[in-house]
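The values are calculated or read from the model by the stated rules, or taken from the named source; none is laboratory data. On a predicted model such as this, the values are computed, not experimentally measured, just so you know. When we count neighbours, we look across all protein chains shown, and the Cβ atoms used for this are built from the backbone with ideal geometry, even at glycine. Accessible surface areas use protein heavy atoms only, side chains included; no ligands, DNA or RNA. Shrake-Rupley method; radii C 1.70, N 1.55, O 1.52, S 1.80 Å.
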Amino acid sequence: MSKPPASVPFDARPLTEPADRATVRAYVRQLRASGRAPARSVVGIVLAAVIGAVFLVMFGPVFSGIVGSFLALATSGGMPGGGLFAIAPIVMLVVIVGAVVAIIVRVVGAGSGERWWRLDRFAQANAMTWYPVVSDPPLPGMIFGLGHGRVAADVVRGERPRFVEFGNYTYKTGSGKNESTHRWGYVAVKLSTPLPNIVLDAVGNNSFLGSNLPASLDKSQRLSLEGDFDRYFTLFCPQGYEADALYLFTPDIMARFVDHAAALDAEIVDDWLFLYTPREASTLDAATWAWLFSVVAALLDKFAQWERWRDERLAAPPAPAVTAPASAQVAPAASAALPFAAPAALLRPPPGVAPQGRRLKRGVPWGFIVIFGVIVVVMLLGQVGVFGGLLGGLFSGVTP
């Protein structure tokens, strides 16, 4: 029997080691030439153009005044060749603006290039692979099917001992002036068997409005667990799967989540475990990586229990009993001498989840609805007050 692959020690040095600019530039050129990275970011160019325009607006009048003074002196004869000198301020302004734009483009490009270089080397040092961009990742978690413009960036994937992916995910909702960008960091761990859709909503990262998760879940699916687990997480499971959730979240697994992942929201869906955070998960911060690696390591050795779970709702219904005719009945003594027995493993349901346990039911975000209603009422009352004031002003000048 072959030995399992030895674990690779965590190595964060590529995130902090000095970076040689020439090496980084050569790496970025090779990365773009290979097609692994997109072409030069338009964001830096647009930012440079905007700053250049602002510079022109701020200092353009000053240079215009200088040019006007030179031209006035030239036309009055007070400065021979003044018309030629009048061009000098314009040339100076163009050179300054061009230099500012070039510096901004270079700084922005160097910043993203160095980030790519560090994350790529960090992934390789930890037996993983880095991908700059993954458009519309096909993952079943609750954050991945919303809005438009769905992109995962700085994706770091590992294959052993099981598939794990770290990434930063953005999607947009609305359009035009009402467009909003939503940002999440995530960790995706592939499981060996499908499980019921269970969500752990971390209490510590919620706001006064309630959960920070993008989906509101039906409150009838909440399940209270023993100990102080409810102080850290609100658990949601499909109705009828309460006993299954208790099987999956034994006291030792609850302790792992509380001790290591209390700042993360978690979701089990199909054969995936997702951990969500409102900050970057794939980052240049070595402490964040060390923390996320420790979370995954703390949970990995508990998945064996989860993989033994089976949904009894998928078991085939027992076949109806058939009574043999009297002529074919066998004496009880003979029936005890059968030469074989049905293997017990075949009596278990196959891996999978019954339809009613695959997805949680969504609820109504009553908190946002109430706040929105209050705002609308206040605005209406304000309009009524203004309208009443206008009417009062009109009728106050009318005498009976």
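I'd like the accessible area for residue 267: 1.4 Å probe, protein heavy atoms, all chains in place, Å² to the nearest 10.
Here the accessible area works out near 10 Å².
Leaving out ligands and nucleic acids, note down the accessible area per residue over region 148-299 with a 1.4 angstrom probe, in whole Å². Present the calculation step by step, with values, prior to reporting the outcome.
Details: 6320 Å² over 152 residues.
Solvent-accessible surface per residue comes out at 42 Å².
Can you list which of the trypsin sites (Lys or Arg not before Pro) found in region 238-317 are DSSP loop residues with at most 13 other C-beta atoms within 10 Å? Intermediate values should be presented prior to the final figure.
On the way: sites: 256, 279, 302, 308, 310, 313; in loops: 279, 302, 308, 310.
Of the trypsin sites (Lys or Arg not before Pro), the ones in loops of region 238-317 whose Cβ has at most 13 other Cβ atoms within 10 Å are 279, 308.
Report Rg/Rh for region 205-320, rounded to two decimals, where Rg is the Cα radius of gyration and Rh the Kirkwood radius. The partial results should precede the final answer.
On the way: Rg = 16.3 Å, Rh = 16.2 Å.
Taking Rg over the Kirkwood Rh, I get 1.01.
Tell me, what % of the accessible area of region 137-247 is carbon and sulfur with a 1.4 angstrom probe? Numbers along the way, then the final one.
On the way: 2540 of 5070 Å².
Looking at region 137-247 in its full context, I get 50 percent from C and S.
Rounded to two decimal places and with Rh computed the Kirkwood way over Cα pairs, what is Rg over Rh for region 182-237?
Details: Rg = 12.8 Å, Rh = 13.1 Å.
Answer for region 182-237: 0.97.
Order 171, 27, most accessible first, counting only protein heavy atoms with a 1.4 angstrom probe. Mind showing how you got there, number by number?
Numbers: 171 10, 27 35 Å².
Solvent-accessible surface, decreasing: 27, 171.
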